[in-house]
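Following: one structure in structure tokens, then a few remarks.
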Amino acid sequence: MPTALPLPLSTPNRNLVRLTIVRGITWTGFLLAIVVGVELLAFDLPVTAVVSVVISMGVLNIATWWRLGRPRAVTHLEYLLHLLADITGLTLLFYFSGGSTNPFITI
């Protein structure tokens with residue numbers, strides 16, 4: 001019986017799983033930072049807009065987990081669209097939290 005070759009470490013499926021885990025951790029941290037900033041440190045943020053971006057990314061993350069449970073393989077284009085969604089979410093978060101005056105914009 002021939003032995004099956006192991007999957008490569010960098011397939012779009014595996015990368016999307018990693019991206020989804022990192023996205024969940026990152027956006028949860030952003031939400032905690034927003035709550036601390038607004039409630040404890042009295043930052044002046046457009047809370048509705050900022051929380052809407054975080055919730056949208058959370059919904060995307062839940063939808064991605066659901067999608068990963070389907071038997072269809074992840075394509076490179078789909079993975080690229082997920083990366084672009086993360087870039088868009090971060091851009092909107094930086095825009096609503098100070099724009100070019102945000103100290104984290106250089107990251």
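Summary of values
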| quantity | calculated |
| --- | --- |
| Residues satisfying the stated conditions in segment 46-64, i.e. within 12 Å of the chain's Cα centre (by Cα) and either surrounded by 14 or more Cβ atoms within 10 Å (Cβ to Cβ) or not in a helix (DSSP H, G or I) (or both) | 53, 54, 56, 57, 58, 60, 61, 64 |
| Residues (open to solvent by 40 Å² or more (accessible area, probe 1.4 Å), in contact (Cβ under 8 Å) with a residue 40 or more places away in the chain and under 20 Å from residue 14 (Cα atoms)) located in segment 69-97 | 73, 75, 76, 79, 83 |
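The values are calculated or read from the model by the stated rules, or taken from the named source; none is laboratory data. A quick note: this is a predicted structure, and the numbers were derived from the prediction, not measured. For neighbour counting, all protein chains shown are included, and Cβ atoms are generated from backbone atoms with ideal geometry for every residue, glycine included. The protein model used for the area step is the full one, side chains on, heavy atoms only, and it has no ligands, DNA or RNA in it. Shrake-Rupley method; radii C 1.70, N 1.55, O 1.52, S 1.80 Å.
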